[in-house]
Amino acid sequence: MERPTSLAPHTLSNRSQKWLRWFRLLAGFASAQVVIQVLGFLSGILVVRYLSKPEYAWFTITNTFVAAMAMLADVGVSGALSAVGGEVWQDNARFGSLIRTGLTLRRKLAVASVAVVTPVFIWMLVKNHAPAATTAVLVPVALTAFLMQLTAGVLGTVISLRQELRRMQLVGLAAALVRLGVIAPACLIFIDSRIAIIAGAVAVTLQVWILRKWVKSSVEWDAPESAEYRSRILSIVKKQAPNTIFYCVQGQIVVLLISIFGSAERVAEIGALGRFAVLFTLISSVVNGVIVPRFARCQDRSHLRRRYWQVAAGFAFLAGALVVLSSLFPRPLLWVIGAQYANLESEVWLMMLNAALGALFVCLVSLTYFKGWVTPAAITIPMEIGTQLLLILTLDMSTVRGVLLLGCIGNLPPILLNIIVAHLKTRPLPAT
């Protein structure tokens, strides 16, 4: 009877040490992310305050379509790289072969993405009265930023799975400093949507340059592409492609609807309120930087299930607290983005709720996506289309409040489906 008693302090000590290690790891990474997000937030606020509403509308549309093109060019490649990379990340030759294979596939998918999205992008700019000279600059700069993002996403898999946290932080810090370094002086001299987009393109180009230099020195960069890896990546892409194509539209639905049914002024208001999403980006960056790579490498089902629910509950609690605070104190937030948006007091908490649910969904999808677990498109797409059609027919899509309500309610079905997929994939295997 004495033996269990003597082991209890030792067990408690091991558990305490484990939680202490996690706390130090997350706190250390989060502290650097706070600096990066603050720099990014300052850049965003300067752009909001110094651009007119029409200019900010064009800036918002451009960023929206860069994100859409990036999603279409991915269609599951990132998740496949992490799923396969979680098995070979310690082998420089095999990891190098995987990265080279991923880069080639991404480039081919990028061509199709540009061909599909660019005409719609140009039409949206023209519809919102962007001058030809502005459009002529925004389109090629946006395409450059998009191509750089694709390369950065593949190269970033290496430092992510190997948990080179300091390098991850340095890449983010360098990009944030460069963007702010371009935007801040421009605000004192002259700034418009073109300069704001150029600043972002320069920042992501720097990221690619740094990542390429590091990755070349840490894996066998000249390793040949692998037919096996290509086949495994494409098998995941085929499952994920319908969902990705759908979420390419779904993820930008708020901006798209307000652009079609509303006006450039409403687009600017949505974009300005969207700046508050940086509060959730900080939480997401910690999860994606520290927890998701470890989740991708783990092969223990019981551990995966426990970690999934810990992340989901923790994220929901923190995000919910931010939404409550925004509903209690909306005026300080509106003061930050400027007097021209002071009329949006009743919409602040809705934008925060929309951003919170969207961030929670992305967080949960990251956990399942980077394990190669795919929600069946035959269930996901009809359910979400039906929900959104009902909401579009019910709500006023020409108002900020209407599209935000659609975004909030529309996020609930995919969150539920993701939870079901995670539950099924982490069930204990039957005893043999």
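Here, each number is a calculation from the coordinates, and none is a lab measurement. Remember, predicted model here, so these are calculated numbers, not experimental data. Cβ placement follows ideal geometry from the backbone for every residue including glycine, while neighbour counts extend to all protein chains displayed.
Can you give me the relative contact order of segment 23-425 as a percent, contacts being Cα pairs under 8 Å and 6 or more apart?
Relative contact order, segment 23-425: 25 percent.
How would you classify segment 125-169 from its alpha-carbon gyration tensor, with a ≥ b ≥ c the square roots of the eigenvalues: rounded for a/c under 1.5, else prolate if a/b is greater than b/c, otherwise oblate?
Judged from the Cα gyration tensor, segment 125-169 comes out prolate (a/c at least 1.5, a/b above b/c).
Lysine pairs in the chain with alpha-carbon atoms under 20 Å apart, 8 or more places apart or on different chains: how many are there?
So the count works out to 8.
When the chain is fully extended, how far beyond the present Cα-Cα distance does Leu42 get from Arg301, taking 0.36 nm per residue of separation?
89.1 nm
Explain nothing, just the number: dipole magnitude of segment 117-212 about its Cα centre with +1 on each Lys and Arg Cβ and -1 on each Asp and Glu Cβ, in debye rounded to the nearest 20.
That gives segment 117-212 a dipole magnitude of about 200 debye.
With axes computed from alpha carbons, what is the tilt in degrees of helix 377-394 against the longest principal axis of the chain, rounded to the nearest 10 within 0 to 90?
Helix 377-394 and the main axis of the chain meet at about 30 degrees.
How much length, in nm to one decimal, is gained on full extension between Glu265 and Ala227, taken as 0.36 nm per residue of separation minus their Cα-Cα distance?
8.7 nm
Taking the Cα centre of segment 23-425 as origin and charging only Cβ (+1 Lys, Arg; -1 Asp, Glu), how large is the dipole, in debye to the nearest 20?
960 debye
So for the pair Thr118, Leu424, with labels modelled 7 Å out along Cα→Cβ, what separation do we get in nm?
3.9 nm
Taking the Cα centre of the chain as the origin and placing charges on Cβ (Lys, Arg +1; Asp, Glu -1), which of Ile159, Thr104, Ser218 is farthest toward the positive end of the dipole?
Ser218
Given charges of +1 on the Cβ of Lys and Arg and -1 on the Cβ of Asp and Glu, with all other atoms neutral, how large is the dipole of segment 323-432 about its Cα centre, in debye to the nearest 20?
Its charge dipole is roughly 400 debye.
Of Phe65, Ala80, Ala277, which is farthest towards the positive pole of the chain's charge dipole, taken about the Cα centre with +1 and -1 on the beta-carbons of Lys, Arg and Asp, Glu respectively?
Most positive-ward Cα: Ala80.
Decide, for segment 275-320, between rounded, prolate and oblate: order the square roots of the alpha carbon gyration tensor eigenvalues as a ≥ b ≥ c, take rounded if a/c falls under 1.5, and otherwise choose prolate if a/b is larger than b/c, else oblate.
oblate
Under 17 Å from the 7 Å Cα→Cβ point of Val34, by amide nitrogen: which residues of segment 267-288?
278-287
If you take the charge dipole of the chain about its Cα centre, with +1 on Lys and Arg Cβ and -1 on Asp and Glu Cβ, which of Gly200, Gly181, Val292 is farthest toward its positive end?
Val292
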